[in-house]
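Below is one structure, written out as structure tokens, with a few remarks after it.
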Amino acid sequence: MTLTAIARKVERGERLSPADGVVLLREADLSLLRTLASLVRYRKHPAPEVTYVVGRNLSYTNVCWVQCTFCAFYRLPGEEGAWTLTREEILAKVQEVVTLGGTEILFQGGLNPALKIGWYEETFRAIKAAFPVHLHALSPAELLYLAKISGLSLAATLERLKRAGLDSIPGGGAEILVDAVRQEISPLKDTAEEWLACMRTAHHLGIPSSATMMYGSVETPEQRVEHLCRIRAIQDETRGFTAFIAWNYQPDHTALGGTRTDGIDHLRTVAVARLMLDNIPSLQASWVTQGPEIARTSLFYGVNDFGSTVLEEKVVSAAGATWLLSLDEILGSIRSAGFTPRRRNTRYERLE
């Protein structure tokens, strides 16, 4: 299909096919992508506003046995530099963000064989007993492994964690949801179908999640679009994804190596994601990997949310991403692009 025909489909509000997505990713210029992605963005969010949430990333352990070749964060069990936070350290980190008025804790780590489900239940209950925060916790990889080592079904694991305080699930570990890619960059990790099945199960249990894509490692444009279509298909079934976040692979200090994709590729990718993911309400900026200028520009390519204040970041920063922005810098970035900042919670409910 030609770019003109695809543009007309977008204008009519018709769903794009995988082939349409590949043509856009490979052939469309930035001007066309900006026009089309903005059209869809304003259909979903008519007001010239960009939302954000005050929260922090809380990495509770770097111990992980999976050895993904794109990761510079993990340490094997018993390896020098391996660590797991104590309960007191975790609560102190939550206190820091609550003191700043924060509402979200993004709680993720490695696949640590020493931590069974009781540890997570006790930790979640302790956090919830002390602080009025939303626990956006544990990627599918963590949940699938936790169920296995705890001798539980995935559904039972999720139900127990939900009772202990789990509110929603971050979409980490998706990378590219194509097994040929996953076998190359993370052969010991869950399959694409296992990741999707985890999200499907969580959604049916009333646990919403975000969805992500780490692009720019070894995948083709066709595989990026396949990833988007698999996310879209689950959303058709469950309506459980609240947002989509794309970030580029960070190669420094990793076994996989390679090069870092540029900001132009990021704008192309988020614009095509906005056009393909017609059933996901929000697209989130990726300023931690892209920096404030590209993140701000992405607001004109379909992105309507600036994400979290983060406070600290240990995973992608280990592989070379160095951006951290203060709340004032986030607000300034939104305003300098001509939008009004609106604070939200993790459920995308406005707080102001």
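Okay, residues lined up against (1) modelled with pLDDT of 95 or more; (2) in contact with a Lys or Arg (Cβ under 9 Å, 6 or more places away or on another chain):
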residue: I294; (1), (2): no, no
residue: Y301; (1), (2): yes, yes
residue: E329; (1), (2): no, no
residue: S333; (1), (2): no, yes
residue: R344; (1), (2): yes, yes
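Within the set I245, I207, I264, I176, the sole residue that is at pLDDT 95 or above and farther than 30 Å from S31 by Cα turns out to be I207.
Within the range 1-27, being part of a helix (DSSP H, G or I), within 26 Å of the chain's Cα centre (by Cα) and among the basic types (K, R) holds for one residue alone: R26. From the list A72, A19, the lone residue that is aliphatic (A, V, I, L, M) and at pLDDT 95 or above is A19.
Can you pull out the residues in the range 137-154 that are farther than 20 Å from V66 by Cβ and touching a residue at least 12 places away in the same chain (Cβ under 8 Å)? Selection gives nothing.
Taking the condition in contact with a helix residue (DSSP H, G or I) (Cβ under 6 Å, 6 or more places away or on another chain), on the phi > 0 side of the Ramachandran plot and modelled with pLDDT of 95 or more, does G338 pass? Criteria not met by G338. One residue is enough: does the range 238-251 have a residue meeting the conditions surrounded by fewer than 23 Cβ atoms within 10 Å (Cβ to Cβ), more than 17 Å from I185 (Cβ to Cβ), touching a residue at least 60 places away in the same chain (Cβ under 8 Å) and among the hydroxyl-bearing types (S, T, Y)? Looking for residues that are surrounded by fewer than 23 Cβ atoms within 10 Å (Cβ to Cβ), more than 17 Å from I185 (Cβ to Cβ), touching a residue at least 60 places away in the same chain (Cβ under 8 Å) and among the hydroxyl-bearing types (S, T, Y), one finds at least one in the range 238-251, hence yes. Take the conditions surrounded by fewer than 16 Cβ atoms within 10 Å (Cβ to Cβ), out of contact with any strand residue (DSSP E or B) (no Cβ under 7 Å at 6 or more places or on another chain) and closer than 24 Å to I231 by Cα and apply them to K9. Does it pass? Criteria not met by K9. Among the residues of the range 130-167, count how many are in a loop (DSSP other than H, G, I, E, B), under 22 Å from the mean Cα position of the chain (by Cα) and over 23 Å from L351 (Cβ atoms). Of the residues in the range 130-167, 2 are in a loop (DSSP other than H, G, I, E, B), under 22 Å from the mean Cα position of the chain (by Cα) and over 23 Å from L351 (Cβ atoms). Within the option set P170, P187, being within 20 Å of V63 (Cβ to Cβ), modelled with pLDDT under 95 and of a type outside the set (V, I, T) holds for one residue only, P187.
Here's the yes/no breakdown for (1) in contact (Cβ under 8 Å) with a residue 60 or more places away in the chain; (2) among the charged types (D, E, K, R); (3) closer than 22 Å to S308 by Cβ:
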| site | (1), (2), (3) |
| --- | --- |
| K116 | no, yes, no |
| P132 | no, no, yes |
| L135 | no, no, yes |
| A156 | no, no, no |
| P170 | yes, no, yes |
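Taken over the range 224-278, the criterion of being touching a Gly at 6+ places or on another chain (Cβ under 6 Å) and among the hydroxyl-bearing types (S, T, Y) is satisfied by Y249, T261.
Please list, ordered by residue number, the strands (runs of 3 or more DSSP E) wholly in the range 199-288 having 2 or more residues that are more than 30 Å from R160 (Cβ to Cβ). In the range 199-288, the matching strands (runs of 3 or more DSSP E) lie at 241-248. Residues in the range 157-183 that are touching a Pro at 6+ places or on another chain (Cβ under 8 Å) and on the phi > 0 side of the Ramachandran plot: G173 alone. Tell me the residue from R296, R224, R230 that is under 14 Å from G21 (Cβ atoms), in contact (Cβ under 8 Å) with a residue 12 or more places away in the chain and surrounded by 21 or more Cβ atoms within 10 Å (Cβ to Cβ), please. Answer to the selection: R224. State all residues of the range 168-195 that are over 25 Å from T261 (Cβ atoms) and part of a helix (DSSP H, G or I); if no residue qualifies, say none. Once the filter is applied, which keeps residues that are over 25 Å from T261 (Cβ atoms) and part of a helix (DSSP H, G or I), the range 168-195 yields E193, E194. Of the listed requirements (1) surrounded by fewer than 21 Cβ atoms within 10 Å (Cβ to Cβ); (2) at pLDDT below 95, E142 misses just one: (1).
The values are calculated or read from the model by the stated rules, or taken from the named source; none is laboratory data. None of these values were measured; they are calculated from a predicted model. With ideal geometry, Cβ positions are generated from the backbone for all residues, glycine too; neighbour counts draw on all protein chains shown.
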